[in-house]
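K.L.:
Sharing a structure, written as structure tokens. Questions coming.
Quick note: the coordinates plus some simple rules give every number you see, no bench work behind them. In this text, all values refer to a predicted model and were calculated from it rather than measured experimentally. Glycine also receives a Cβ, built like all others from the backbone with ideal geometry; neighbour counts cover every protein chain displayed.
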Amino acid sequence: MIQFLQYLGKSTRTSFTKLGRGTYFLLQTISGILSVLARPRLLLNQMYSVGVLSFLIITISGLFVGMVLGLQGYYTLSDFGAEETLGVMVAASLVRELGPVVSALLFAGRAGSALTAEIGLMKATEQLSGMEMMAVDPVKRIITPRFLAGLISMPILAALFSAVGIIGGQIIGSGLLGVDEGAYWSQMQANIDFQDDIINGVIKSIVFGFIASWIALFEGYDAIPTSEGVSRATTRTVVNSAFSILGLDFILTALMFGDD
Amino acid sequence: MDNSVSSQHSLVSVRNLSFSRGDKKIFDDISLDFQRGKITAIMGPSGTGKTTLLKLIGGQLYPDQGSITVDGQNVHKLRRTELYNLRKRLGMLFQSGALLTDMNVYDNVAFPLREHTHLPESMIRTLVLMKLQAVGLRGARNLMPNELSGGMARRIALARAIALDPMMILYDEPFTGQDPISMGVLVHLIKSLNAILGLTSIIVSHDVHDTSAIADYIYVLSGGKIVGQGTPKEIQQSESEWVQQFMTGAADGPVHFHYPAKDYVDDLLSSGKRY
């Protein structure tokens, strides 16, 4: 019993210490935003590797998720003779939930893990120490551009995911299952609200981009500088990002759509 | 404790420094002086905290007690911007080279110039080529760090360390893992750069022969204390058991061959636990 309490105390203390370090790291990162905006090339380079290189996985996944939604939605809706509302169902599912959430999970797996490994290896090979000794703040020079790139890329990737998904749903719904194409689009246009659906989805994706980038960069920066340490940090990035994204999604959904 | 040479001409003064990692005491009340324009070596067995001392001098670590003064400034009392201004006047050569792996050789050497100056690219090009010429690698400017040998990477890192014309360079194990030719090149470069550029150099090394050949003054550290100091000749003639063991490479002596353990026979005969 005593051992269990000791273990509990120790792990709680470790968790809070890490949370404190992470918060301090985040504040340092945010304090570098102005200096990064003054050097847009740093940001553009990172937007390429964090955002553009994630386009393919996001596009393909979005297409398949949309196609599956088209199929499942059609089977359910057709039981009630409401297959013409397939467009609304596909679009609402994607814009409100699946777009931000699935693209954030893919982002954490594709870009987040790469960021952790990159920063962890830079630490292990003394590149970050080397920068400090050259009087260059590694947080401002290395971390902040990547953080901003993640923050900006995430809503764009989520929008791309949703857009491609809606086309996927249309290909299956109208192209394969015979839902009227005009009804698919007009129902969607009439029932999807810009403020309630689209803006809320965008807010979600910004929050997920923030949390996934923060976790990925902090885990890399905080990694034990050995091959095993970097490998563990990369795993933690994916696991912690997934938990945080899904947990936050629940909270945000409750806040945003609670009154509906 | 008076184990320092005259501090009047010293660029770096370490006074009563103590530093611990966890329960292990790395330095226990040591004082050292590093003279301007000279090459001073810090030698000692692995794990004696030689690299830690460089990190303390560079302000990357904080001492438990004592002070470190670089060019009249107490490193650990400086504000962040002041510390960074001081670091612009220091160069550090890491054991691994610490080159930025996403940039080629040219951009690595240009990095500090681009970060800290507003010089036009044409001027940066001239400076980079001059620094690369000084280390003999002007022709390697387009190579990426993963295409360089260990010796070349260290020479590029040296070119980068002198990019801003520092007053002092800290070398962390510059000779480790080098073939004889690379070693000779590095020894020559450290010596000549120190003389030509009027630098002050601090070399952390356990390479007795080559470091003794270029150092003006040597400190030998062991067990958190200074166990010997003097010119290379004085160190060679030292009667200290510690210094003699280190200089001759004897397997046993004050630094024991065996890691502390319980009695050998008892250990072999004990049964039960796997370890």
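K.L.:
Could you give the angle, 0 to 90 degrees to the nearest 10, between helix A:55-79's Cα long axis and the longest principal axis of the Cα atoms of chain A?
P.N.:
Approximately 40 degrees, to the nearest 10.
K.L.:
Scan segment B:222-275 for trypsin sites (Lys or Arg not before Pro) in coil per DSSP, keeping those whose Cβ has at most 13 other Cβ atoms within 10 Å, and list them by number.
P.N.:
For trypsin sites (Lys or Arg not before Pro) across segment B:222-275 that sit outside H, G, I, E and B with at most 13 neighbouring Cβ atoms in 10 Å, the list reads B:Lys262, B:Lys273, B:Arg274.
K.L.:
Under 5 Å between amide hydrogens, which residues at least 5 positions from B:Gln35 or on another chain qualify, with H placed 1.01 Å from N in the peptide plane?
P.N.:
For B:Gln35, whose amide H was placed from the backbone, the distant partners under 5 Å are B:Leu11.
K.L.:
Would you mind telling me which residue in B:Phe257, B:Phe94, B:Phe19 has the biggest mean-square fluctuation in a Gaussian network model of chain B, where springs connect alpha carbons within a distance under 10 angstrom?
P.N.:
B:Phe257
K.L.:
With +1 assigned to the C-beta of every Lys and Arg and -1 to the C-beta of every Asp and Glu, and no other charges, what is the dipole magnitude of chain A about the Cα centre in debye, to the nearest 20?
P.N.:
Dipole of chain A, to the nearest 20 debye: 1480 debye.
K.L.:
Please give the helix A:227-257 orientation as an angle from the longest Cα principal axis of chain A, in degrees from 0 to 90, rounded to the nearest 10.
P.N.:
40 degrees
K.L.:
Please work out the FRET efficiency for the pair A:Gln195 and A:Ile2, using the Cβ-Cβ distance as r and a Förster radius of 51 Å; give the result to the nearest 0.05.
P.N.:
So the FRET efficiency works out to roughly 0.40.
K.L.:
Helix-derived [θ] at 222 nm for chain A: sum -39500 (n - 2.57) over DSSP H runs of at least 4, divide by residue count, nearest 500?
P.N.:
Mean residue ellipticity, 222 nm, calculated: -25000 deg cm²/dmol.
K.L.:
A follow-up question, please. May I ask for the angle, rounded to the nearest 10°, between helix A:2-31 and the longest principal axis of chain A, with both axes built from Cα atoms and the value confined to 0 to 90°?
P.N.:
The answer is roughly 80 degrees.
K.L.:
Same structure, new question: Quick one: dipole size for chain B, taken about the Cα centre, charges +1 on Lys/Arg Cβ and -1 on Asp/Glu Cβ, in debye to the nearest 20.
P.N.:
Roughly 980 debye for chain B.
K.L.:
Additional query: Please check: in the Gaussian network model of chain A (C-alpha springs, under 10 Å), which one of A:Leu34, A:Leu42, A:Leu121 has the largest mean-square fluctuation.
P.N.:
It is A:Leu34.
K.L.:
Fewest first, what order do A:Arg39, B:Arg15 take by the number of other Cβ atoms within 10 Å?
P.N.:
A:Arg39, B:Arg15
K.L.:
Please report the net charge: other residues with Cβ closer than 12 Å to the Cβ of A:Leu77, K and R +1, D and E -1.
P.N.:
With Lys, Arg at +1 and Asp, Glu at -1, the neighbours total -3.
K.L.:
Of A:Val136, A:Val65, A:Val102, which is the most mobile in a GNM of chain A whose springs link Cα atoms less than 10 angstrom apart?
P.N.:
For chain A, modelled as a Gaussian network with Cα springs under 10 Å, the answer is A:Val136.
K.L.:
Which distance in nm do the two modelled labels at B:Leu78 and B:Asp252 give, with both placed 7 Å along the Cα-to-Cβ direction?
P.N.:
Between B:Leu78 and B:Asp252, the simple spin-label model gives 4.7 nm.
K.L.:
Can you sort A:Met154, A:Met122, B:Met130 so the residue with the fewest Cβ neighbours within 10 Å comes first?
P.N.:
Least crowded to most crowded, the residues run B:Met130, A:Met122, A:Met154.
K.L.:
Kindly flag which residue pairs out of A:Lys10/B:Lys262; A:Lys123/B:Lys25; A:Lys123/B:Lys55; A:Lys10/B:Lys24; A:Lys140/B:Lys50 have an alpha-carbon separation exceeding 20 Å in this structure.
P.N.:
Checking Cα-Cα distances, A:Lys10/B:Lys262; A:Lys123/B:Lys25; A:Lys10/B:Lys24; A:Lys140/B:Lys50 exceed 20 Å.
K.L.:
Normalised by the number of residues in chain B, what is the relative contact order in percent for Cα pairs under 8 Å and 6+ residues apart?
P.N.:
23 percent
K.L.:
Considering Cα pairs under 8 angstrom that are at least six residues apart, work out the relative contact order of segment A:54-254 and quote it in whole percent.
P.N.:
39 percent.
K.L.:
Then there is this: Please get the size of the charge dipole for the protein assembly as shown, origin at its Cα centre, with Cβ charges of +1 on Lys and Arg and -1 on Asp and Glu, quoted in debye to the nearest 20.
P.N.:
It works out to roughly 1560 debye.
K.L.:
With N denoting the number of residues in segment A:54-254, provide Rg(C-alpha) divided by 2.2 N^0.38 Å, to two decimal places.
P.N.:
Rg over 2.2 N^0.38 Å, computed on Cα atoms: 1.21.
K.L.:
Still on this structure: ³J(HN,Hα) across segment A:195-203 via Karplus (A = 6.51, B = -1.76, C = 1.60, θ = phi - 60°), whole Hz, x for Gly/Pro?
P.N.:
Per residue, the Karplus-derived 3J(HN,Hα) values read 5, 5, 9, 6, 5, 4, x, 5, 4 Hz.
K.L.:
OK, next. If every alpha-carbon in chain B counts as one equal scatterer, what log10 I(q)/I(0) does Debye give at q = 0.08, 0.14, 0.15, 0.16 1/Å?
P.N.:
-0.37, -1.02, -1.13, -1.25
K.L.:
Using Cβ contacts closer than 10 Å as the measure, can you line up A:Thr234, B:Thr101, A:Thr226 from fewest to most?
P.N.:
A:Thr226, B:Thr101, A:Thr234
K.L.:
Compute the distance in nm between two label points, each set 7 Å from the Cα along the Cα-to-Cβ direction, one at B:Asn85 and one at B:Asn142.
P.N.:
Taking the simple label geometry, B:Asn85 and B:Asn142 are separated by 4.2 nm.
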